[in-house]
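The values are calculated or read from the model by the stated rules, or taken from the named source; none is laboratory data. Since the structure is predicted, the reported quantities are computational estimates derived from the model, not experimental observations. Cβ placement follows ideal geometry from the backbone for every residue including glycine, while neighbour counts extend to all protein chains displayed.
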Amino acid sequence: DPYFKSIKEKLKKNGIILKTELKNLLHLCQTSSDVELAREVIYRYHEQNGIAALNNFKFGPLFMRLCYELDLERPAVELIKDRNLRGFFSENTSFHILMTMLFKKGHFEMQLRFEISMQDNLESCKICAKLLEEAQLKGDTLPLRAYCFAVATALKQNDVLQAKFYCSQILKPESKLYNNLKVLVQLRSGLLEEVIRTLEAAVKVDTSPFVKKIEFSEQVLAAVMEKMQENAYLSARLRDIHMKLQASGQITMCTLEDMLFRIPSSKKIPAKVFSRKQLGYQAAKSLRSNLL
């Protein structure tokens, strides 16, 4: 297409991108490669003009609808979260289109992750609860990580009761992420004996050498140790358990945030689509000071 070629040439020569050119490009996009080009043009336009040149035209909703039609949820999330584009997607319509897109297309985990990282407040916690409730009413089978994100969101808001409820919905007790969150929930609930029992059970479990044992984050264990300092008996038991966990290779330096925002190898995105920071990075930073 001659128009797309002319835009590519402008990018190559670092030419000035006009508002009408960006508008026309967004209207002409039909494929994922077209959207990748539009993405580059958006960054260049924003770099050259800032938000002052946007005037009354709303590029955000147009780009979001385009991503919706082409099933491009991840690029949509990436751009709307990029703080370098602050102001480009400032109107509520862009956020509403994105949330609708993620929900209707079944990306509950991504939707919860987005809510956690962008909102970071009590309202976000309520939205997460509503999302899970609606998904359950629809009869959708929610992935483990969706519930884990919900547990983390509830813990951030010190809603231990809600966090305990979400934990009870998780049906994969062998999950490393689940067990670390479970320990945190027990800790926040003041159930120190239960924390000890959970850790002891992980040490005592008899598994095949070929089966990976449950690992606990050193970060989580440090929080447990700090909480138990006032109880000499429990503190001594914990030190003993810690030594056993260490001896059996069941302690990891991987933080809880690393576990939450790790992208499974089967779900990793091609480098072309994500040439900037992974979307989990900023969200992980916002969780770090709240979970422990």
Hand me the list of helices (runs of 4 or more DSSP H) wholly inside the range 53-117 holding 3 or more residues that are modelled with pLDDT of 75 or more.
59-69, 73-81
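Every residue, every condition in (1) over 19 Å from residue 58 (Cα atoms); (2) aromatic (Phe, Trp, Tyr); (3) touching a Leu at 6+ places or on another chain (Cβ under 8 Å), yes or no:
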site: 1; (1), (2), (3): yes, no, yes
site: 9; (1), (2), (3): yes, no, no
site: 18; (1), (2), (3): no, no, no
site: 25; (1), (2), (3): no, no, yes
site: 28; (1), (2), (3): no, no, no
site: 32; (1), (2), (3): yes, no, yes
site: 35; (1), (2), (3): no, no, yes
site: 38; (1), (2), (3): no, no, yes
site: 44; (1), (2), (3): no, no, yes
Single unsatisfied condition, residue 172 versus (1) modelled with pLDDT of 90 or more; (2) surrounded by fewer than 19 Cβ atoms within 10 Å (Cβ to Cβ):
(1)
Kindly check whether there is at least one residue in the range 25-46 that is free of Cβ contacts under 8 Å to residues at least 12 places away in the same chain and farther than 20 Å from residue 79 by Cα.
no
First in the range 136-154 and closer than 21 Å to residue 182 by Cβ, second anywhere and at pLDDT below 65 and among the acidic types (Asp, Glu), Cβ under 7 Å, 6 or more apart:
143/109; 145/109; 146/109; 149/109
Can you run down the residue pairs with Cβ atoms below 9 Å, 6 or more apart or on separate chains, where the first is in the range 215-235 and among the polar types (S, T, N, Q) and the partner is assigned to a loop (DSSP other than H, G, I, E, B) and surrounded by fewer than 18 Cβ atoms within 10 Å (Cβ to Cβ)?
217/253; 217/254; 219/253; 219/254; 235/229
Can we say residue 223 is out of contact with any Cys (no Cβ under 7 Å at 6 or more places or on another chain), closer than 17 Å to residue 249 by Cβ and buried (at least 17 other Cβ atoms within 10 Å of the Cβ)?
no
Any chance the range 197-215 includes a residue that's surrounded by 16 or more Cβ atoms within 10 Å (Cβ to Cβ) and among the aromatic types (Phe, Trp, Tyr)?
no
Residue check, residue 188 modelled with pLDDT of 80 or more and not acidic (Asp, Glu)
yes
Residues within the range 13-27 that are in a helix (DSSP H, G or I) and either of a type in the set (Gly, Ala, Ser) or more than 34 Å from the chain's Cα centre (by Cα) (or both), tallied
1
State yes or no: is residue 62 surrounded by fewer than 16 Cβ atoms within 10 Å (Cβ to Cβ), closer than 21 Å to residue 97 by Cβ and not charged (D, E, K, R)?
no
Filtered residues of the range 147-169 (kept if in contact with a Phe, Trp or Tyr (Cβ under 8 Å, 6 or more places away or on another chain), surrounded by 23 or more Cβ atoms within 10 Å (Cβ to Cβ) and either over 16 Å from residue 256 (Cβ atoms) or of a type in the set (Gly, Ala, Ser) (or both))
150, 154
Subset of the range 168-193 (residues that are assigned to a loop (DSSP other than H, G, I, E, B) and in contact with a strand residue (DSSP E or B) (Cβ under 9 Å, 6 or more places away or on another chain))
none
